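Q: Before I ask anything, let me first share the structure, which is written out below as C-alpha cells.
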Amino acid sequence: MPSNTKIEVRRSPRRQRTVSAYRDGDKTVVLVPASFSSAEEQRWVDRMLERLEAREERRRPDDEALQTRAFELAERYLEGLAQPVSVRWVDNQRTRWGSCTPDAGSIRLSRRLSGMPSWVVDYVLMHELVHLIIPNHGPEFWDMVRRYPKAERARGYLEGVSAAPRLDAGGSGEVEDEEDDILEDE
C-alpha cells in the first residue's frame, strides 16, 4: 500500500457479516459491520488492504509485459513498422501519460496509467509507437493512431481523468480542445 494512503473505516449497522474496501483518491475506505470489536476491525482492515494491494498488483503489468504488449500492437495495427528498443513504466511523469525518444526507440508510460483499463494503456502505447515512425502530431500521425479501434474512446477517458481534479478544485471543469496536449512527447 502506498505510504501516503489514508485509511477511513466506516461502520455500518446495516452490515451484518460483509466487509469491503475500495480506493477513493488518496484514501482507502473499509466498510465493516458496526458490531465488530476494535480487534476484529483492525484484523479486517489489514486483510482488506492486503487484498486490495494484491488485486492492484495483478492489474499492473511489469515492464516486460508492457514491451510485449507494445510489440503486439505494433504488429497488429502498424504492420510491425514500429520496433521499440525499450518500453517501461516511469514514476516521474506527472503531466504526461507517455513519452518516447524516437532516435533511441524508447517508450515510457506514466505509472499513473497502471490500474486504468487495458484499452486505455494500449491507446497510449499506440500513440507512442506511432511517434517512433512519425515524430510530430500531423494528420498522418493521427491517421495512424486511429488504426487502434478504441482510440477516440481512450482519448475521451484520459480527458475525463485530466479534467477531474479541476472539478474537485472548484474549477468549471470545462475541457478545451487540446488535441496535441493530451500526450505531449517532446
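The numbers here are math on the coordinates, done by the rules we state, and not lab data. No experiment lies behind these values; they were computed from the predicted model shown. Cβ atoms come from the backbone with ideal geometry, glycine included; neighbour counts cover every protein chain shown.
Q: Kindly provide the pair-distance distribution of segment 1-119 built from C-alpha pairs, with 10 Å bins from 0 and whole-percent values in order of increasing distance.
A: Per 10 Å bin, starting at zero, the Cα-Cα P(r) for segment 1-119 comes out as 12, 32, 23, 17, 12, 5, 0 percent.
Q: Another question, if that's okay. How much length would be gained if the chain were fully extended between residue 136 and residue 92, taking 0.36 nm per residue of separation minus their Cα-Cα distance, in nm to one decimal? It would help to have the intermediate numbers written out before the result.
A: Details: separation 44, 0.36 × 44 = 15.84 nm, distance 2.27 nm.
Result: 13.6 nm gained on full extension.
Q: If you don't mind, there's one more thing I want to ask. Where in segment 107-142 does the label zone of residue 153 land, with the point 7 angstrom along Cα→C-beta and an amide N cut-off under 11 Å?
A: 118-120
Q: Under 8 Å for C-alpha pairs, at least 6 residues apart: give me the relative contact order for segment 15-149, rounded to a whole percent.
A: Contact order relative to length: 18 percent.
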